[in-house]
Amino acid sequence: MTLRLYNTLTRQKEEFKPLDPANVRMYVCGPTVYDFAHIGNARPVIVFDVLYRLLRHLYGENHVTYVRNITDVDDKINARALRDFPNLPLNDAIAKVTEKTANQFQADVKALGCLEPTVQPRATDNIDGMKEMISTLIKNGHAYEAAGEVLFNVAAMRDYGKLSGRKLEDQQAGARVAVEAHKKNPGDFVLWKLSSADEPGWDSPWGRGRPGWHIECSAMSSRYLGEVFDIHGGGLDLIFPHHENEIAQSRCCFGTDVMAKVWMHNGFLQVEGKKMSKSDGNFVTINELLGTESFGGQRWSGYVLRMAMLATHYTQPIDWTIRSLEQFASELTSIGKTLSVASVGSHSTFYSGILPTPNTKVLEMLLDDLNTPGAIAEVRNLHNSARDGNVAASVDLLHTCEFLGLLRGDRLGALYPFHVRTGPKMASTAVNRLLDRLQVSFLNSDQVEVESVTKQLLDHGTIATILPTGSVTYEVHDEKGFDRSKVVRLIEDRLVARHAKNWKESDRIRDELDAMGIAIKDHKDGTTSWEVKR
């Protein structure tokens, strides 16, 4: 099995040959935690999660080191802290901002089906490493002090600009480069800058200050992956200046020919045909998509968001639309139906905590520069076979979807449409909203939120229960007594019978429910709701 990846550095697709097959090393630029991550930020997280899964499959789960950093030193963070917590000392305000946004990021990417990286270093924990690199760059003539800053001297690096294709002579005043008198060259960039009394800072040989953005990733990648490693990834927008400057710092500090052997970059994302921006009203965070009705008037499963990302090749642009999300939601629901009816959930490898082996054709697609659209097409072919009653195809489909992170076999109910709430017809608006939140939190495996919402429902006089299938049933305390557990079981049995086209059994259960005083209603989307007859 040969993995081929497109290398931005060489501008061609190449066979991937790790420096050390016993320790394949990958670094991906993570979030700057000054605000909740938007849906564009989710793309590299998902893309490189798939690559991480693939590398673990090829080289072994204990032979891949994946580092994704957290940038918690940045002037945007300082500004947000001053805005949101003006009455707190700045360091305390910064801590509040970064803790909240970093925790939300972790919850969001978990809901998107992403595995945890091997290491998630924070910039604030690596300041000493940054200062050591800067000292080395000054000593070997690649950096200099000027006007309270330490700057990298781009002219001292012979082949600066190789990754982006920008020539040094193009980095002149007026060429989108700031003109600053203290710089030797317009393209020189900051390694260290002084901090005022009301700004965060660390003591250094150049005065109390803070690092520039680029040196942070150089220090963290070298600490955890070495001076040269296998793969460096991130968004297309990071090629210049961030990744170009990372390369310059690292190579000049360590005297190496390369920083990473392979550089990979995912394409841009736009929303409904436009570049995402708050001024256009189409700026949407991952958290909003997962937990509020901000995009298309509904919430979206993390599985759906993930499939929408993987349906386009990582190098190509994505147009994020409501219509496409609806399509993928329908597809995943159909897959969930098929797998639930086939009763293959017990084959889930999540019970053993390991990644399954994907379908051979899907694997072939992934080996070809992460051809996820081709992999999704093969998933659809598997689904067609599984719907025809092919049990082996059903198991293969389950394992493949688990490998891609599109579902968990122990959470098939999150896809199978038992999710319509069953219970008394007249629930208050507040209760309905809480029931929605309960369902979303279960879908995202957020146990803390599940417990919190369940308690809030109790305060409203409502007992809610989540069934293994993912449905939510509830009971308002003032309802007349009936055998609620039996009703729920019969509703579930009838839905299974309907999806298996066992109409005789479906009608028999309807009659039994009717005799119990339970009225049921079947909906176009294949779901059923019920209420006690008045």
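The values are calculated or read from the model by the stated rules, or taken from the named source; none is laboratory data. Values in this document were obtained by computation on a predicted structure and should not be read as measured data. Here the Cβ is made from the backbone with ideal geometry for all residues, glycine too, and neighbour counts use every protein chain on show. Just so you know, the surface numbers come from the protein's heavy atoms only, side chains and all, with ligands and any DNA or RNA stripped out. Shrake-Rupley method; radii C 1.70, N 1.55, O 1.52, S 1.80 Å.
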Nearest-ten-degree value, helix 75-84 long axis tilted from longest Cα axis of the chain: 50 degrees
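Could you sort Met516, Met259, Met1, Met276 by their accessible area in this structure, using a 1.4 Å probe and putting the largest first?
Met1, Met516, Met276, Met259
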FRET efficiency, 1/(1 + (r/R0)^6) with R0 56 Å, evaluated for His499 and Ser135 via beta carbons: 0.25
Region 346-391 - Rg over Rh from alpha carbon coordinates, Kirkwood radius: 1.04
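Looking at this model, which pairs from Lys17/Lys162; Lys337/Lys361; Lys100/Lys455; Lys76/Lys455; Lys100/Lys162 are more than 27 angstrom apart at the alpha-carbon? Let's see the in-between values first.
Details: Lys17/Lys162 21 Å; Lys337/Lys361 23 Å; Lys100/Lys455 23 Å; Lys76/Lys455 37 Å; Lys100/Lys162 38 Å.
Beyond 27 Å between Cα atoms: Lys76/Lys455; Lys100/Lys162.
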Sequence ranges 181-189, 40-48, 15-23, ranked by mean other-Cβ count within 10 angstrom, highest first: 40-48, 181-189, 15-23
Thr333, Thr360, reordered so the largest accessible area comes first (probe 1.4 Å): Thr360, Thr333
Centre separation in Å (Cα based) which lies between region 27-72 and region 205-222: 21 Å
Solvent-accessible area of Trp202 with every protein chain in place, 1.4 Å probe, in Å² to the nearest 10: 70 Å²
Stokes-Einstein D in µm²/s, Kirkwood radius over Cα pairs - the chain at 10 °C with 1.306 mPa s viscosity: 62 µm²/s
Nearest-10 value in Å² for the accessible area of Val391, using the 1.4 Å probe: 90 Å²
On Cα atoms only, tilt of 127-139 relative to the major axis of the chain in degrees: 30 degrees
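Placing unit charges on C-beta atoms (Lys and Arg positive, Asp and Glu negative, everything else neutral), compute the dipole magnitude of the chain about its Cα centre in debye, rounded to 20.
Dipole magnitude for the chain comes out near 820 debye.
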Cα gyration tensor shape for region 186-257, rounded if a/c is under 1.5, else prolate or oblate: prolate
Accessible area (Å², 1.4 Å probe, nearest 10) - Ser340: 30 Å²
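How much of the DSSP beta bridge set in the chain is antiparallel, as a percent to the nearest 5?
Here the antiparallel bridges make up roughly 60 percent for the chain.
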Accessible heavy-atom area order of Arg489, Arg306, highest first, probe of 1.4 Å: Arg489, Arg306
Whole-percent carbon and sulfur share, accessible surface of region 89-146, 1.4 Å: 46 percent
Principal-axis tilt of helix 244-254 within the chain, Cα atoms, nearest 10 degrees: 60 degrees
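Tell me the per residue accessible area of the chain using a 1.4 Å probe; a whole number in Å² is fine.
45 Å²
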Reachable lysines, given that their alpha-carbon falls under 16 Å from the alpha-carbon of Lys139 and they are not under 8 places away in the same chain: Lys131
